[in-house]
Amino acid sequence: MDLGSIAEYEYSIGSSSGAVDLKTWTAVATSTFTEVLGLSLQSGNTYYVNVRAKSSWGNISKVGISDGITVDFVKPVFAAPPAAQAEKNDIVISWNKPAIGISGIVRYIVEERRADKPQWKHAVYYTTAGAVSAAGAASVYAVAAANQEPAQYSPQADSVPTITAGQLQIVLTGQPAGTYHYRVKALSGSGVMSDPSQETRVVLGLATKTEVISSVQAYPNPVDIRKLAANIYYDLNQDTDIEIQIYDLFGMPVKTLNFSSGSDGARAGGNTVRWDGSREDGKKVSFGVYLLRVKAKASGTSKVYKLGVVH
C-alpha cells in the first residue's frame, strides 16, 4: 500500500467462485491465518475462499478468490483380502484397488505380522504417482483433520509397485522362513485412511520343518483370564488333526480343544488358537500353572508347554 496501512482482513466462503453462501464476510483483524470450524461441507462438493483487505483509510481491496477446494470424506474400502504367494525366499503380495472417493488414492501401506507375534508392522508402503486417482478429480482436496493418518504411523520402507493383470503388486525379498499374515491399508487424496483389509496368510520355507509339531508357546504368560484369553501358538509341517489337552499340575484334565486337518489350528505353518481359561463345564480355572499338550493325532507326536494363570 502507498498510503495508510492494513486495518483488517476479511474472508468468506461459497459454493461457487466469488459466492458467500457458506460463510459471509468475516473479519480476522490483521492475521493472515484463520481456522474455520463448524461448516456444513458436503462430500463431493467444491468450495471457494474469498479474501479482501481494508485499509486504515477505509478503502477495500479487490477480492482474491482461491482455487476450488473439493471435499472428499469417503473412506477407501477393500472388498477382499490381498493375495500372497511364496516364491523361494520372496513373498509376492497383490491386491485389487479399493472403492474410493473423488480424491483417489495417494498411498498404500502393506502391513505384516508373523504368526507367532500379535503385533502388526509396516512391511512396505508406496506413494502413488497419480496413477490410481479417480478420473476427473480436482487438484486440491480437503477433509476433516480427525480422519487423517496419525503422525506416528510412519512407514518402514518405500517400494515401486507393479500392476499385473489389473492388480497392484509388490515383492518382499529375502524373507526368513516362517508363517506371515498380510493386510493392506489405503490413504485417500484427501487424507482419509481406510480400515485394514481382511488379512491373508502365507507360509515360507515349510520344507525346512522336520518335526510335525514345533515352536510351541503361549502368550501372554502368565495370563489374567479375567481380562484376556491365552494365545497358544505352534508350527506344523503338514495339515493334520490336532488335539490340545490342558491339565492342571496334578494331571487332572481341564479342557480339550480339537481342530480338523486343514482348518484353522491344524494347517501347515504357524497356528494360533485361543483358550479363554474355561474348563469343560464352562467355569474359569483357578490361578496356578497348567500344562498344554499339543498332539498330532495321526502320528501321536506331541509337545508340552507350561502356562501360568493369574487372577
Next on the checklist: Need one number: nm distance between label points at ALA80 and PHE33, each 7 Å from Cα along Cα→Cβ, rounded to one decimal.
Outcome noted: 4.7 nm
Checklist entry - What are the chymotrypsin sites (Phe, Trp or Tyr not before Pro) within the range 33-91 that DSSP puts in a loop, where the Cβ has at most 10 other Cβ atoms within 10 Å? => result PHE33, TRP57
Checklist entry - Given the Cα-Cα distance of LYS297 and TYR247 and 0.36 nm per residue of separation, how much length would full extension add, in nm? => result 16.2 nm
Checklist entry - Quick one: what Rg and Dmax do you get for the range 42-116 from the alpha carbons, in Å? => result 23.5, 77
Checklist outcome for this item: Between VAL254 and residues 5 or more places away or on another chain, the pairs with built amide H atoms under 5 Å apart involve ILE246, TYR247, ASP248
Checklist outcome for this item: Exposure proxy check on SER197, SER56: fewest-to-most Cβ neighbours within 10 Å is SER56, SER197
Checklist outcome for this item: Calc'd 3J(HN,Hα), the range 110-121, phi into Karplus 6.51 cos²θ - 1.76 cosθ + 1.60 (θ = phi - 60°), Hz, glycine/Pro = x, comes to 9, 9, 10, 9, 6, 4, 8, 9, x, 7, 8, 9
Next on the checklist: What's the magnitude of the charge dipole for the chain around its Cα centre, counting Lys and Arg as +1 and Asp and Glu as -1 at the beta-carbon? Answer in Debye, nearest 20.
Outcome noted: 820 debye
Checklist entry - LYS284 to THR210: FRET efficiency via 1/(1 + (r/R0)^6), r the Cβ-Cβ distance, R0 41 Å, to the nearest 0.05? => result 0.60
Checklist entry - What trypsin sites (Lys or Arg not before Pro) in the range 175-280 are in a loop by DSSP, with at most 12 other Cβ atoms within 10 Å of the Cβ? => result ARG226, LYS227
Checklist entry - D for the range 1-129, whole µm²/s, Stokes-Einstein with Kirkwood Rh over alpha-carbon pairs at 4 °C and 1.567 mPa s: what number? => result 67 µm²/s
Next on the checklist: Report the gain in length on full extension from SER5 to THR256: 0.36 nm times residue separation, minus Cα-Cα distance, nm rounded to one decimal.
Outcome noted: 82.0 nm
Checklist entry - Over all directions, what mean area does the Cα convex hull of the chain project, stated in square nanometres? => result 23.3 nm²
Next on the checklist: For ALA218, what residues show an amide H to amide H distance below 5 Å, using hydrogens built from the backbone and excluding near sequence neighbours?
Outcome noted: TYR233
Checklist entry - Where in the range 213-251 are there chymotrypsin sites (Phe, Trp or Tyr not before Pro) that are in a DSSP coil and have at most 14 other Cβ atoms within 10 angstrom of their Cβ? => result PHE250
Next on the checklist: Report, in listed order, any pair from LYS97/LYS117; LYS121/LYS209; LYS255/LYS283; LYS121/LYS227; LYS121/LYS303 with a Cα-Cα distance greater than 18 Å.
Outcome noted: LYS97/LYS117; LYS121/LYS209; LYS121/LYS227; LYS121/LYS303
Checklist outcome for this item: Given 97-107, 215-225, 58-68, 80-90, the highest-first ranking by average Cβ count within 10 Å works out to 97-107, 215-225, 80-90, 58-68
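Read-outs: derived from the displayed coordinates by stated rules, not from any lab. Remember, it's a predicted structure, so these values are computed and weren't measured experimentally. Note: ideal-geometry Cβ built from the backbone for every residue, glycine included; neighbour counts use all protein chains shown.
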